1. Would you calculate, for the chain, the mean residue ellipticity at 222 nm contributed by helices, counting each DSSP H stretch of 4 or more residues as -39,500 (n - 2.57) and dividing by all residues, to the nearest 500?
2. To the nearest 10 degrees, how steep is helix 14-27 against the longest Cα principal axis of the chain, on a 0 to 90 scale?
3. Fewest to most neighbouring Cβ within 10 Å: what's the order for THR62, THR70, THR34?
4. Could you list SER38, SER71 so that the one with the fewest beta carbons within 10 Å of its beta carbon is first and the one with the most is last?
5. Evaluate the charge dipole of the chain about its Cα centre and quote only its size in Debye, nearest 20, assuming +1 on the Cβ of each Lys and Arg and -1 on the Cβ of each Asp and Glu.
6. Select from ALA54, ILE24, TYR74 the residue farthest towards the positive end of the dipole of segment 8-82; place +1 on Cβ of Lys and Arg, -1 on Cβ of Asp and Glu, and compute about the Cα centre.
Amino acid sequence: MNKITVKIDGMMCGMCEAHVCDAIRGACPVRKVTASHSRGEAVIISENDIDEAALRAAIDATGYRALSVTSEPYKKKGLFGR
């Protein structure tokens with residue numbers, strides 16, 4: 001599993017977060033996505049790699065701007081994630 005963090009410019013509220021999450025879900029196969037306007041980022045958990053160009057295009061189409069995309073292996077936290 002992968003954890004992809006996208007720095008995003010332009011989100012101002014919870015509705016902005018919802019628009020970004022919906023756009024990402026519609027464009028990419030994700031297991032989980034959360035966005036935070038206060039941190040200016042979206043965090044995506046996916047089974048496989050995601051096409052960065054498609055991800056950027058989906059976010060840019062909402063009127064926000066993807067500034068950077070970083071990826072790292074994801075390990076589930078907690079008792080059952082060992």
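1. -9000 deg cm²/dmol
2. Once rounded, one gets 70 degrees.
3. Arranged by neighbour count, lowest to highest, THR62, THR70, THR34 become THR70, THR34, THR62.
4. Listed from fewest to most nearby Cβ atoms, that is SER38, SER71.
5. 480 debye
6. After comparing all options, I get TYR74.
Rule-based calculations on the coordinates, nothing more; no lab input. Computed from a predicted model, the values in this text were never measured in an experiment. Every residue, glycine as well, gets a Cβ built from its backbone with ideal geometry; the counts of neighbours run over all protein chains shown.
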